[in-house]
Protein chains: 4
Amino acid sequence: MSNQKFEKIEAIKVTELDKILGKPFPVLNDGFVRVIDYMGTDESIVQAARVSYGKGTKQVQQDRGLIRYLMRHRHTTPFEMCEIKLHLRVPMDCWRQWIRHRTANINEYSTRYSIAIDAAQTTAKNEWRIQSKSNKQGSEGFADEKLGEELTLEELKLHDLSRNIYNKRIDLGIAREQARKDLPLATYTEAYWKIDLHNLLHFLELRMDKHAQYEIRKYSETIGYEIVKRWAPLAWEAFEDYRLGSREFSKLELDVLSSIIKNDTETGLKLAERAGWLETRKDGSLKQNLERIEFEEKAYRLSVKLPWRV
Amino acid sequence: MSNQKFEKIEAIKVTELDKILGKPFPVLNDGFVRVIDYMGTDESIVQAARVSYGKGTKQVQQDRGLIRYLMRHRHTTPFEMCEIKLHLRVPMDCWRQWIRHRTANINEYSTRYSIAIDAAQTTAKNEWRIQSKSNKQGSEGFADEKLGEELTLEELKLHDLSRNIYNKRIDLGIAREQARKDLPLATYTEAYWKIDLHNLLHFLELRMDKHAQYEIRKYSETIGYEIVKRWAPLAWEAFEDYRLGSREFSKLELDVLSSIIKNDTETGLKLAERAGWLETRKDGSLKQNLERIEFEEKAYRLSVKLPWRV
Amino acid sequence: MSNQKFEKIEAIKVTELDKILGKPFPVLNDGFVRVIDYMGTDESIVQAARVSYGKGTKQVQQDRGLIRYLMRHRHTTPFEMCEIKLHLRVPMDCWRQWIRHRTANINEYSTRYSIAIDAAQTTAKNEWRIQSKSNKQGSEGFADEKLGEELTLEELKLHDLSRNIYNKRIDLGIAREQARKDLPLATYTEAYWKIDLHNLLHFLELRMDKHAQYEIRKYSETIGYEIVKRWAPLAWEAFEDYRLGSREFSKLELDVLSSIIKNDTETGLKLAERAGWLETRKDGSLKQNLERIEFEEKAYRLSVKLPWRV
Amino acid sequence: MSNQKFEKIEAIKVTELDKILGKPFPVLNDGFVRVIDYMGTDESIVQAARVSYGKGTKQVQQDRGLIRYLMRHRHTTPFEMCEIKLHLRVPMDCWRQWIRHRTANINEYSTRYSIAIDAAQTTAKNEWRIQSKSNKQGSEGFADEKLGEELTLEELKLHDLSRNIYNKRIDLGIAREQARKDLPLATYTEAYWKIDLHNLLHFLELRMDKHAQYEIRKYSETIGYEIVKRWAPLAWEAFEDYRLGSREFSKLELDVLSSIIKNDTETGLKLAERAGWLETRKDGSLKQNLERIEFEEKAYRLSVKLPWRV
């Protein structure tokens, strides 16, 4: 073998994460997330990137800068070198969204082998959310508490009834795999969930988003702020800057903005018009156009005033 | 470019499959499976294998032989060249097992966007299954019909109640994503599910197995016998022979069998003993040992008589 | 089964793509790309999205708007419903980058089974690229033709020698799997490569980028402009707008830009300073800072003048 | 939160593996494999399986029995809970086969960023393998040493020439990404390769097989016997028994064997005939039939005498 020298390998310690190993962070009325095991940290990301880039990079770029560079350019493979295993307790309804992410390793509690967990997500009287009108898949605001109280009571009764029926079936010797069929979707399940940091951040980007459903958002925020932030603080910082807080502008949007910024309002308007953004109703008001509305929000973020919004 | 000659490309037609395109095959009380689109067939498997093996193979091996060879040796990549897209209607409970297979493309009906499908899997009075005693995750036999009738009635009432509560929440303006939380697990969902033939056969191998839950087994059998058999008949035949009807013997099992077949009973017994298969209870009967019991079933399949079973 | 009505399924035709089925598009000196088979088109993306969103969406949003919405919000699963199978001829050196994309199905020509393809990528005298100084992994400009001529001649001789040694080994009965070991990395290979549209677009985004190596960029451009554009023109248009021509701004970049645009230069400078962008050398000039340099390019795209660049 | 009790989490130590952390195991003339990091062990497999099976299993089955059960029934997800990161040095030719396994995380040494590693796999005079006649993709036996000496000398010269041309290109300022194009396929590369235990065992099953190419087989054996055996000894033992040493029999093969074992030779012959196994040449000898030949090997393993082989 060539006269290569090998660095000594020592387990990389993440003191901050080790402190919370096994500790359950409560989520919703009866769920939790806790870290069971992990592998790697910020240092492993850097180490992996440097294998690709070869020697010499070390002196030029510091760790933080390198991690930011990788995040900015979506060089994702070094982030895959970190792996974490979580123990979760989640309502099945929420879990269905969760496992749509296909790149994790999963072992879930089986209600074919064992009696279903005797808990379902409950809703406090002030937690009933109103269907959003602007967003077909979202909610906005809460029902008033009096109505909420009624709904909560009904929920409780339904949970009790479903559970009683389940228990009766079990007592009568019905197979567990069939007895469970009418438990509410909100019944809790538990799982080990193991995923690499790149895929975890992708999960968090989608599920910490304000359009994600409240329940999974609460889990994601806990994973992000309580766990990843402790585990790989530099990667987390870069993620907050380049993913959570970023905005992407399409070619068209860049063209419109650029025209407006250099005071060529005419071109800006022409481009917007050609894109169908400025169609009006009979009363002269702008028609609803999702693409334009989202652009307006982004222009506002940049403090750019739009000529059609004067 | 080199003077390569290219075969003319024509869409490969699978007359048998084209005949059933779009046709729903009913499964359970209100589910179905139907083919929406597909790509490739037996011929594509052969074509892909021949790219790997280069020219010359063509003359030597016939298509059927080649496909059998690929299946036998688990050369899986040529089977990945075929792709199928199905439209499914499945109880959510069953769907949870389904999507544990991570290698498919999925678009599922969203109950955040739309009102939940107004149907749940129901159980006829003679369909209530008894918990298996030998198999912790299975069922065996049925409850008597009188009991079944009671359970079916109760199921119906629970479905009605859950649905009414759901509808009431919706009418009161509660967000769809929250209103659905207490629907029964047996509520139907629909999805487009796209998968390549290799991964589909792997799915079928696991889910047509007698240990798979009844519900998903019914879907798998429909997909296998009604769809894959028409789509890629040579691959299906090889699959039935080399997967569904096959048995795998461990090194230990081969050693024991070989000893017994050549009448060296002593060695066979010694090996079985050393493996802990022949431990006895106080009354002299063999202790339950899963590994031995499964071996006995396989030996029986080969018509080999085991010395400890005389 | 419920009284559901099922649309009639007919094979969706993509006239433009059918016209070029099997036709090889030349790339480099002896490579090519050609379409062997495909499944789905723009219409399938829309259809899949509508399963998720349920009915009713149809009236509100037109196909083009829906596809743009999906692309903008990275709702990737509907794009996975389209699948394409290409036949490629690529230098092995380039192929090594290619197969780093792990989400495709591949059958490659095997030089264990067959004699290696007798062709390697050659370089014309005006095609020798100079190592970039600013970009450690790139090239810029070309060597002068006189030097190029010498290098091309040498390349030719090396190819001949390697091939002769290969042929000699084969003639002497050495195993193909070993004989090939010293062929140049530029030797051509062929493969069937099957991938869904979402993953193909991701591949193209990375490999059509100006930082991608010239060779794989040529293949990507051919796949993009000659194939995908014909196959799914609406998806392609959205891809060009939202991926190829887009820019992403980090939270920090948005903050700096917003300050400058609203003439709060002081805050803008403070933020840039705090980020370490404005460190100077002894002579007062700005130190090289990759993050700032990339930001400057993006600000320029928006026609925003930066205070430290006056 | 419910009154659940959580076990204390402590890092699971694998003393045997910790002892060799970072130590390079030499493979081929200049390659190596070494462990950089890992997560989990036999205990984690058991722990994950018990989440699925719920409590109660613990008492019934011991760890070893449970791991054997999981391996036997291809319950693969618990093995996915273990993860290992290796540092490899491999000839590119071999690496091409390696990365066909798509389920690993990879960071490879980049010859766009850095000068190519100055080493290629060399072949000693007694290591030149002869092309197998029975197996189109294999080798059998070695060329005689005199011939070997000549080939080795030629190999050396070619390596020198290729390297000189590479160095010259680099010295002349040609881009690294292009200069490398004619290096021999046998040039070494290095990579970090991270994979879970399930996928690693699958890799080993395929690549430790006698049909795998010599080079990758050497790496696989090193990984298996030096690393996995130390890391997860119970999983390794089960793997050796149920994978490396096992044989799978198709339905047809089971039928033929069963008939012969119970002395119903007639049926056995009929089945074999119908399968086309017993076709003869003009001289009465059996035609070559791959399926029959492989069956004969398996029957021999079981000490079953075949009627057509008397």
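Every number here is computed from the coordinates shown, using simple stated rules; none is lab data. What you are looking at is a predicted structure, and each value in this text was computed from that prediction instead of being measured. Quick reminder, even Gly has a Cβ in these numbers, built from the backbone with ideal geometry, and neighbours come from all protein chains shown.
For segment B:129-182, build the charge dipole from Cβ charges (+1 Lys, Arg; -1 Asp, Glu) around the Cα centre, then report which of B:Gly138, B:Asn167, B:Thr152 sits farthest towards its positive end.
The residue sitting farthest along the positive end of the dipole is B:Asn167.
Summarise the partner chain shielding of D:100-111 as one whole number: the mean count of Cβ atoms from other chains within 10 Å of each residue's Cβ. Don't skip to the end; give the middle numbers.
Details: counts 5, 1, 8, 2, 2, 13, 8, 13, 5, 5, 7, 5.
Shielding by partners across D:100-111 averages 6.
Assuming R0 = 51 Å, can you tell me the calculated FRET efficiency for the pair B:Asp171 and D:Thr15, based on Cβ-Cβ distance, to the nearest 0.05? Show your work: numbers first, answer last.
Numbers: r = 64 Å, r/R0 = 1.25.
Calculated transfer efficiency: 0.20.
So which of C:Lys157/D:Lys146; A:Lys85/B:Lys136; A:Lys136/A:Lys270; A:Lys210/C:Lys229 end up more than 29 Å apart by C-alpha?
A:Lys136/A:Lys270; A:Lys210/C:Lys229
Before anything else, pin down the relative contact order of chain B: Cα pairs under 8 Å, at least 6 apart, normalised by residue count, whole percent. Show your work: numbers first, answer last.
Details: 363 pairs, mean separation 64.0, N = 310.
Over chain B, the number comes to 21 percent.
Looking at chain A from every direction and averaging, what is the projected area of its Cα convex hull in nm²?
Computed as one quarter of the Cα hull surface, the answer is 25.2 nm².
If you average the sequence gap of Cα pairs under 8 Å that are 6 or more apart and divide by the length of segment C:63-222, what percent do you get for the contact order?
On the way: 193 pairs, mean separation 62.8, N = 160.
Answer for segment C:63-222 is 39 percent.
Over the alpha-carbon set of the protein assembly as shown, divide Rg by the Kirkwood Rh and report the Rg/Rh ratio to two decimals.
On the way: Rg = 32.0 Å, Rh = 33.4 Å.
A ratio of 0.96.
Within segment C:241-281, list the residues whose amide N lies under 13 Å from a label point set 7 Å along Cα→Cβ of A:Arg301.
C:247-258
So if the hydrodynamic radius of segment D:111-201 is defined as the Kirkwood radius over C-alpha pairs, what does Stokes-Einstein give as its diffusion coefficient at 4 °C and 1.567 mPa s, in µm² per second? Write out the running numbers ahead of the final one.
Working: Rh = 15.9 Å.
Value of D from the Cα-based Kirkwood radius: 82 µm²/s.
On the principal axes of its Cα set, how long, how wide and how thick is segment C:129-182? Give whole Å, largest value first.
48, 25, 8
Taking 8 Å as the Cα distance limit and 6 or more residues as the minimum spacing, I'd like the relative contact order of segment C:129-182 as a percentage.
Values: 23 pairs, mean separation 10.8, N = 54.
Once divided by the residue count of segment C:129-182, the mean separation gives 20 percent.
How shielded is B:223-232 by partner chains, expressed as the average number of their Cβ atoms within 10 Å of its Cβ atoms?
On the way: counts 0, 0, 0, 0, 0, 0, 0, 0, 0, 0.
Average per residue, whole number: 0.
Using just the Cα positions, wrap segment C:251-309 in a convex hull and report its mean projected area in square nanometres, one decimal place. Before the final figure, lay out the partial values.
Values: hull surface 15.1 nm².
Result: 3.8 nm².
Would you mind computing, in nm to one decimal, how far apart the modelled labels at C:Gln62 and A:Leu244 are, each placed 7 Å from Cα along Cα→Cβ?
3.9 nm
What average count of beta carbons from other chains do you get within 10 Å of the Cβ of residues in B:195-203?
On the way: counts 0, 3, 0, 1, 1, 0, 0, 1, 0.
Neighbouring Cβ atoms belonging to other protein chains average 1 per residue here.
Magnitude of the Cβ-charge dipole of the protein assembly as shown, K/R +1 and D/E -1, about the Cα centre, nearest 20 debye?
Values: 208 positive and 192 negative charges, 0 e Å.
About 0 debye.
Hey, rough spin-label estimate for B:Leu278 and C:Arg274, points 7 angstrom out along Cα→Cβ, what's it come to in nanometres?
7.9 nm
With the crude spin-label approximation of a point 7 Å out along Cα→Cβ, what separation in nm comes out for B:Arg102 versus A:Asn263?
According to this spin-label approximation, the distance is 5.7 nm.
For segment B:29-154, with only Lys/Arg (+1) and Asp/Glu (-1) charged at the beta-carbon, what is the dipole magnitude about the Cα centre, in debye rounded to 20? Walk me through the intermediate numbers first.
Numbers: 19 positive and 17 negative charges, 198 e Å.
Dipole about the Cα centre, nearest 20: 940 debye.
Taking H placed 1.01 Å from N in the peptide plane, check which residues at least 5 places from A:Ala120 or on another chain put their amide H under 5 Å from its amide H.
A:Tyr188
Along segment B:121-132, what does the Karplus equation 6.51 cos²θ - 1.76 cosθ + 1.60 (θ = phi - 60°) give for ³J(HN,Hα), rounded to whole Hz, x for Gly and Pro?
Once θ is set to phi - 60°, the couplings for segment B:121-132 become 5, 10, 10, 6, 4, 9, 10, 7, 9, 8, 4, 6 Hz.
Sort C:Cys82, D:Cys94 so the one with the fewest other Cβ atoms within 10 Å of its own Cβ comes first.
Values: C:Cys82 30, D:Cys94 26.
Least to most surrounded, the residues fall as D:Cys94, C:Cys82.
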